[in-house]
Amino acid sequence: MGLFDGLFRKDPARELDRAERMLDDGRPYPALQIVQRVREQGLFPERVAELDRRCHDALGEAALAEADFMETEGDFGEAAEWVRSAIRQLGEEHERVPELRSRLKTLSKHAEEAKRTRSFESLLWYGEETAPAGPDPLATEMRFGSLVGTFRDEVADLYLSRSLAFQQAHVDLNEGRLNEARAAYDRLVVADPDDPILRLERGRCRLMAGDPVGAREDLEAAWPALGDEPLDHQEKLSVPILWAEACLEMDDAEAVIQGLTDLAGFADSTEPANPDTAAIFGRALLEAGRAADAVDYLGGVVEGFGLQTEATWMFADALVQNGELDRAIEVLERKIEPSCATGQCSKPPLDSVAAATLARLYLDRTPEGELPPERVGDLLNMIAHAQGRLTPDGLKQLARLQRMSGLDEEAEKTEAELRRYGLID
């Protein structure tokens, strides 16, 4: 392992920063998945707890927005279910729970009154005080419909008219109930093993649950029917990228290089299908020990797609592993430059991970016994200004900067803060 191996990949502090960006972008569920993975490593307990709370708060607010909408539509039963969901997300100790329980009681009363007035026998509760046990089919269908709406139209068509069991499994998967989703998908695949959508969704579930071998098997079964193209409107979800993630989790980088060479435009120097495919292909080159190839390949990708993609991280990592530290610094400086063009470092938002990584690289480049460049302090100030505080990674760089500058007393205070995050002994 080289000195800089893994500098940019799977760093828990960077993962938490990514989760925070997802939260800011209004994507609390994938953010929560990242936070839960870091929690399993026992790292950064205070920050994990804070982000976990923010994720659940955001999910609770989303559920309440759905409740508001359903109440305006006159569907009091569905509104009540969304309020129950909000309470689950916020937790029993949340200050809003008493208010929400009062609202739930009112909605349930209105739902009862509405049901008693309906003339359709199949919708009557026959005087029961609570809804029947089990998932509410209407609630499941509503949530399923909103999730399917993220797919391209031709893909969404493949999800429509699915059984309630499939819909519930899909909702469970996307809301983090992996055990329930996995059990349902297992039953569905046994009944129809050739259905590519079933294999895709079980593959996604297996990958999220830490079973890359099973995920790879399912994704290879789904790939011929679903093809190489992204499945969603944001172009973030595709079978080949999921398959590549499974292979890399199995430490099989060579399979990714062979399987995605054409799609990544590596063999014939054509443009890759998209920057995400390029990023994961570049990661495979790095994990296969081909840093020089990764530099050549990712340099062209960044030139074609620009610096504001995930491929930029792989390019910088490749440059470091290839011994081109100065060039890696240049790339990351250019990446954050648009944020600081006005002097505010806010529009677009500063990439704090890039800034913290830059600080680290400047310190790594400083010869022993010499003072670090002033740029390190500038970068750490930018991070603190952008986020209201330094990230744990930023604190590590601050402690290094203070030690290298002879400010031992200040460094002791910073290191005491780092111990709270479990970053140093």
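The values are calculated or read from the model by the stated rules, or taken from the named source; none is laboratory data. Everything numeric in this text was worked out from a predicted model, so none of it was measured. Here the Cβ positions follow ideal geometry from the backbone for every residue, glycine too, while neighbour counts run over all protein chains shown.
Can you pull out every residue in region 262-295 that is among the polar types (S, T, N, Q) and over 15 Å from Glu229 (Cα atoms)?
Of everything in region 262-295, those that are among the polar types (S, T, N, Q) and over 15 Å from Glu229 (Cα atoms) turn out to be Ser269, Thr270.
Within the set of pairs 6+ apart or on separate chains, which have a first residue in region 13-33 that is at positive phi, a second that is crowded, with 23+ Cβ neighbours inside 10 Å and among the charged types (D, E, K, R), and C-beta atoms under 7 Å apart?
Within 7 Å, no pair qualifies.
Does region 221-239 hold any residues that are buried (at least 22 other Cβ atoms within 10 Å of the Cβ) and out of contact with any Phe, Trp or Tyr (no Cβ under 7 Å at 6 or more places or on another chain), and which are they?
Ala222, Ser238, listed by residue number.
Taking the condition outside any loop (DSSP other than H, G, I, E, B), at pLDDT below 90 and charged (D, E, K, R), does Glu303 pass?
Yes; evaluated as a whole, the condition is true for this residue.
Only residues that are charged (D, E, K, R) and in contact with an Asp or Glu (Cβ under 8 Å, 6 or more places away or on another chain): list them for region 236-261, please.
Passing the criteria: Lys236, Asp251.
Kindly check whether there is at least one residue in region 229-240 that is within 24 Å of Ser85 (Cβ to Cβ) and in contact (Cβ under 8 Å) with a residue 24 or more places away in the chain.
Looking through region 229-240, at least one residue is within 24 Å of Ser85 (Cβ to Cβ) and in contact (Cβ under 8 Å) with a residue 24 or more places away in the chain.
Would you check if Gly289 is surrounded by fewer than 20 Cβ atoms within 10 Å (Cβ to Cβ) and assigned to a helix (DSSP H, G or I)?
Judged against the criteria, Gly289 is not a match.
Among the numbered criteria (1) modelled with pLDDT of 95 or more; (2) buried (at least 20 other Cβ atoms within 10 Å of the Cβ); (3) more than 17 Å from the chain's Cα centre (by Cα), which single criterion is violated by Phe266?
The single condition Phe266 does not satisfy is (1).
Just for helices (runs of 4 or more DSSP H) wholly inside region 320-422: which have at least 2 residues that are over 29 Å from Ala294 (Cβ atoms) and out of contact with any strand residue (DSSP E or B) (no Cβ under 8 Å at 6 or more places or on another chain)?
Of the helices (runs of 4 or more DSSP H) lying wholly inside region 320-422, those with at least 2 residues that are over 29 Å from Ala294 (Cβ atoms) and out of contact with any strand residue (DSSP E or B) (no Cβ under 8 Å at 6 or more places or on another chain) span 374-387, 392-404, 408-420.
Determine, yes or no, whether Leu237 is aliphatic (A, V, I, L, M) and assigned to a loop (DSSP other than H, G, I, E, B).
Against the criterion (aliphatic (A, V, I, L, M) and assigned to a loop (DSSP other than H, G, I, E, B)), Leu237 qualifies.
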